[in-house]
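These notes are about the structure you will find just below.
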Amino acid sequence: QKEVEQNSGPLSVPEGAIASLNCTYSDRGSQSFFWYRQYSGKSPELIMSIYSNGDKEDGRFTAQLNKASQYVSLLIRDSQPSDSATYLCAVRKWNVSGGSNYKLTFGKGTLLTVNP
Amino acid sequence: EAGVAQSPRYKIIEKRQSVAFWCNPISGHATLYWYQQILGQGPKLLIQFQNNGVVDDSQLPKDRFSAERLKGVDSTLKIQPAKLEDSAVYLCASSSRGLSSYEQYFGPGTRLTVT
């Protein structure tokens with residue numbers, strides 16, 4: 001089982017619709033969860049972080065975390081063509097192999113296409 | 001606030017040659033990371049520094065990759081000799097020690113092509 005799993009997509013939605021991106025993780029000890037947006041040929045950009053169960057809203061973005069189900073999602077309301085990108089889910093947990101530090105593990109990302 | 005700086009942005013080399021990448025983190029950020037991102041994959045951590053000490057290099061291919069962070073600021077990542085499978089984007093990221101230290105900020109990356 002992969003540590004962080006995402007549907008690679010592509011996920012295609014019409015402009016103005018809600019885009020729903022999902023991510024599951026395997027380690028129950030995971031503590032912090034992040035969504036990064038990566039445009040083609042660019043580096044990842046942090047857009048949301050969530051640390052506790054429930055919803056966290058920031059503008060058109062809502063992150064949802066359910067630790068019991070080991071599931072984190074990102075909702076994008078009123079999707080715009082400029083939201084077309086790959087969305088990376090990242091999970092932070094205690095690094096048992098690397099000394100006293102935390103480790104961030106990324107999923108493969110979901111490609112989102114918003115059609116005008 | 002200036003972001004993470006990396007150079008060069010692009011590099012093309014032949015297999016068995018050597019290459020070096022440079023990273024300057026966000027000012028004041030104590031933690032620096034090097035990631036490898038192969039096309040279609042998420043970033044994979046190669047090495048993590050806390051100030052100038054290595055805290056995790058478990059996924060660094062140490063027979064060919066090396067990295068250093070002198071004086072706890074800039075860092076260099078070297079590959080010698082390069083293999084075809086090293087073709088990837090090499091990303092540098094940094095994070096601070098404060099409440100937002102969970103959050104990593106990435107530089108523009110160096111795209112390496114090994115022919």
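Each value in this text was obtained by applying a stated rule to the coordinates, not by laboratory testing. Owing to the predicted nature of the structure, the values given are computational and were not obtained by experimental measurement. Cβ atoms come from the backbone with ideal geometry, glycine included; neighbour counts cover every protein chain shown.
Would you kindly state how much longer the chain becomes between B:THR115 and B:THR76 on full extension, computed as 0.36 nm times their sequence separation minus their alpha carbon distance, in nm to one decimal?
11.8 nm
What pairs in B:LYS15/B:LYS71; A:LYS42/A:LYS108; A:LYS2/A:LYS56 have C-alpha atoms more than 22 Å from each other?
B:LYS15/B:LYS71; A:LYS2/A:LYS56
Find which of A:ASN7, A:THR113, A:GLY59 sits farthest along the positive direction of the dipole of the range A:6-116, computed with +1 on the beta-carbon of Lys and Arg, -1 on that of Asp and Glu, about the Cα centre.
A:ASN7
Among B:TYR10, B:GLY107, B:HIS29, whose Cα lies farthest out toward the positive end of the dipole of the protein assembly as shown, if unit charges sit on the beta carbon of Lys, Arg (+1) and Asp, Glu (-1)?
Selected residue: B:TYR10.
Write out the chymotrypsin sites (Phe, Trp or Tyr not before Pro) in the range A:1-46 meeting two conditions: DSSP loop, and at most 15 other Cβ atoms within 10 Å of their Cβ.
Values: sites: A:TYR25, A:PHE33, A:PHE34, A:TRP35, A:TYR36, A:TYR39; in loops: A:TYR39.
Passing both the DSSP loop test and the Cβ count: A:TYR39.
Assigning unit charges at the beta carbon (Lys, Arg +1; Asp, Glu -1) and nothing else, what dipole magnitude in debye, to the nearest 20, does the protein assembly as shown show about its Cα centre?
Computed about the Cα centre, the dipole is about 560 debye.
Between A:TYR71 and B:SER27, what FRET efficiency comes out of the Förster formula 1/(1 + (r/R0)^6) with R0 = 35 Å and r the beta carbon distance, rounded to 0.05? Walk me through the numbers on the way to the answer.
Values: r = 37 Å, r/R0 = 1.05.
With a Förster radius of 35 Å, E is 0.45.
Return the FRET efficiency for the residue pair A:LYS42, B:GLN59: r is the Cβ-Cβ distance, R0 is 25 Å, and the value is rounded to the nearest 0.05. Write down the numbers at each step before the final one.
On the way: r = 23 Å, r/R0 = 0.94.
For A:LYS42 and B:GLN59, the calculated efficiency is 0.60.
Provide the FRET efficiency to the nearest 0.05 for the B:ALA5-B:SER66 pair, computing r from the beta carbons and using R0 = 30 Å.
0.90
What distance in nm separates the two pseudo spin-label positions at A:LYS56 and A:ARG28, each 7 Å out from Cα along the beta-carbon direction?
2.3
Would you list which aspartates and glutamates come within 16 Å of A:LYS103, measuring only between C-alpha atoms, while excluding same-chain residues fewer than 8 positions from it?
Reachable aspartates and glutamates: A:GLU3, A:ASP27, B:ASP56, B:ASP57, B:GLU103.
What does the net charge come to around A:GLY29 if you take all other residues with beta carbon closer than 14 Å to its beta carbon, with K and R at +1 and D and E at -1? Present the calculation step by step, with values, prior to reporting the outcome.
Working: positive: A:ARG28, A:LYS67, A:ARG92, A:LYS93, A:LYS103; negative: A:GLU3, A:ASP27.
Cβ neighbours under 14 Å give a net charge of +3.
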